[in-house]
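The values are calculated or read from the model by the stated rules, or taken from the named source; none is laboratory data. Values in this document were obtained by computation on a predicted structure and should not be read as measured data. Positions of Cβ are backbone-derived with ideal geometry, glycine not excepted, and every protein chain shown enters the neighbour counts.
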Amino acid sequence: MATKEKKQGKKREVQAQVQAEHAGKNLPVPPPRLRVYYENTVRDRLKSQFGFTNIHQIPTLEKIVVNCGVGEAIKNPKILDTVVFELSIITGQRPVRKKAKKSIANFGLRQGQEIGAAVTLRGARMWEFLDRFVTVAIPRVRDFRGVNTRSFDGRGNYTLGVKEQMIFPEINYDMVEQIHGMDITFVTTTNKDDQAFALLRELGMPFRGEEKPIITQQ
């Protein structure tokens, strides 16, 4: 279990990193590698595959939503503080705390009580997160055999669940106080699952058993 001193030490490391980044803020920042790959390669492949005649028809990634529900926060609100801190390290963005919309007496849940956290990534942070996720985080899953091809929602969006936050290299295993999972939703600009599937596959999403049917619109 992590000690208070270790946690404070990690916070100081993060603060130092942020200060270092700000110190070089006048330097040109290279565009995200995966965005460049999409613009130079993936877009043309999708155009050819689906016969698009207008560049605006070609699907792209709109945003990524990382959501973590923390049921234990009902009895121990401090757990949520740790989850918020870890999400900020993983995504590079400050999470929004989620509140209960109604009270549930059986669970001791009160309306307005904080029970989770979420981050919505767009732009450069979105592309950088996806790059790290498919190239570094997913391969760290034990006995990984690919992600499910059947988790599309019928509107061109894809959600997968992560069981442990430790797959992300930003998380120091020695500092983990409690294991928790999260849901990650990839929102695309198309409402067709087959196009979204092709887009994510081209961007490196390691789908399992691609011969299996996925939801596609008729």
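Things worth noting here:
- In the set 125, 132, 150, only one residue is farther than 30 Å from residue 30 by Cβ and out of contact with any strand residue (DSSP E or B) (no Cβ under 8 Å at 6 or more places or on another chain); that residue is 150.
- Residues of segment 154-176 that turn out to be surrounded by 14 or more Cβ atoms within 10 Å (Cβ to Cβ), in contact (Cβ under 8 Å) with a residue 24 or more places away in the chain and of a type outside the set (A, V, I, L, M, F, W, C), as a count: 8
- The residue that is farthest from residue 50 (Cα to Cα), among those in segment 145-198 that are small (Gly, Ala, Ser) and over 14 Å from the mean Cα position of the chain (by Cα), is 146.
- Some residue of segment 5-13 being modelled with pLDDT of 95 or more, of a type outside the set (A, V, I, L, M, F, W, C), surrounded by fewer than 11 Cβ atoms within 10 Å (Cβ to Cβ) and not in a loop (DSSP other than H, G, I, E, B): no
- Any hit, segment 105-117, residues being modelled with pLDDT of 90 or more and within 18 Å of the chain's Cα centre (by Cα): no
- Residue among 95, 77 that is out of contact with any Leu (no Cβ under 8 Å at 6 or more places or on another chain) and modelled with pLDDT of 55 or more: 77
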